[in-house]
Amino acid sequence: MSKVSSLDVTILDRELRVACPDNERAELLDAVAYLDKKMREIRDAGKIASIERIAIMAALNITHELLTTRIGGGFDLAEFKRRMDSMQATIDATLAEQDELF
């Protein structure tokens, strides 16, 4: 089990402290950057002023992207990752066998 640490992040110029398992830190930072980008795009479009409404619109947009990817409108990202992991394991096993030959 991974240790959980506090991590300070900034989203739309607001600093937040979140708890995060150490082994998920990179993914959380990617998520923070993505959310910050989406919220800035909505804010910069100038149609919504309230931070709460910006956050809700960003959540709706991101949820729509996720559902579109998972349901027929794209490919299944989780399945793609599983297939890539499987291929990497096969490559690693093959290279290990090659190393044993020499």
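Below is a table of values for the structure above.
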read-out: Per residue accessible area of the chain, 1.4 Å probe, in Å²; value: 81 Å²
read-out: Surface share of carbon and sulfur [accessible, 1.4 angstrom probe, percent] for the chain; value: 58 percent
read-out: Whether the chain is rounded, prolate or oblate, judged on the alpha carbon gyration tensor where a/c under 1.5 counts as rounded; value: oblate
read-out: Amide H within-cut-off set for Ile11, under 5 Å, with H built and near neighbours excluded; value: Leu16
read-out: Ordering of 52-60, 25-33, 82-90 by burial proxy (mean other Cβ atoms within 10 Å per residue, highest first); value: 52-60, 25-33, 82-90
read-out: Net length gained if the chain between Asn23 and Arg40 were fully extended (0.36 nm per residue, minus Cα distance); value: 3.3 nm
read-out: Whole-Hz ³J(HN,Hα) from phi, Karplus 6.51 cos²θ - 1.76 cosθ + 1.60, for the range 37-48, glycine and proline x; value: 4, 5, 5, 5, 4, 5, 4, 5, 5, x, 8, 10
read-out: On Cα atoms only, tilt of 51-70 relative to the major axis of the chain in degrees; value: 30 degrees
read-out: Charge-dipole axis of the chain as Lys and Arg at +1 and Asp and Glu at -1 on Cβ define it, positive-most pick from Ala93, Ile62, Ser6; value: Ile62
read-out: Entries in Lys3/Lys81; Lys3/Lys37; Lys37/Lys81 that, when Cα-Cα distance is taken, lie over 26 Å; value: Lys3/Lys37
read-out: Dipole in debye (nearest 20) - the range 1-75, about Cα centre, beta carbon charges: Lys, Arg +1; Asp, Glu -1; value: 200 debye
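The values are calculated or read from the model by the stated rules, or taken from the named source; none is laboratory data. This one's a predicted model, so the numbers in the text were calculated from it and none came from an experiment. Every residue, glycine as well, gets a Cβ built from its backbone with ideal geometry; the counts of neighbours run over all protein chains shown. Accessible surface is based on the protein model in full, side chains and every heavy atom, while ligands, DNA and RNA are left aside. Shrake-Rupley method; radii C 1.70, N 1.55, O 1.52, S 1.80 Å.
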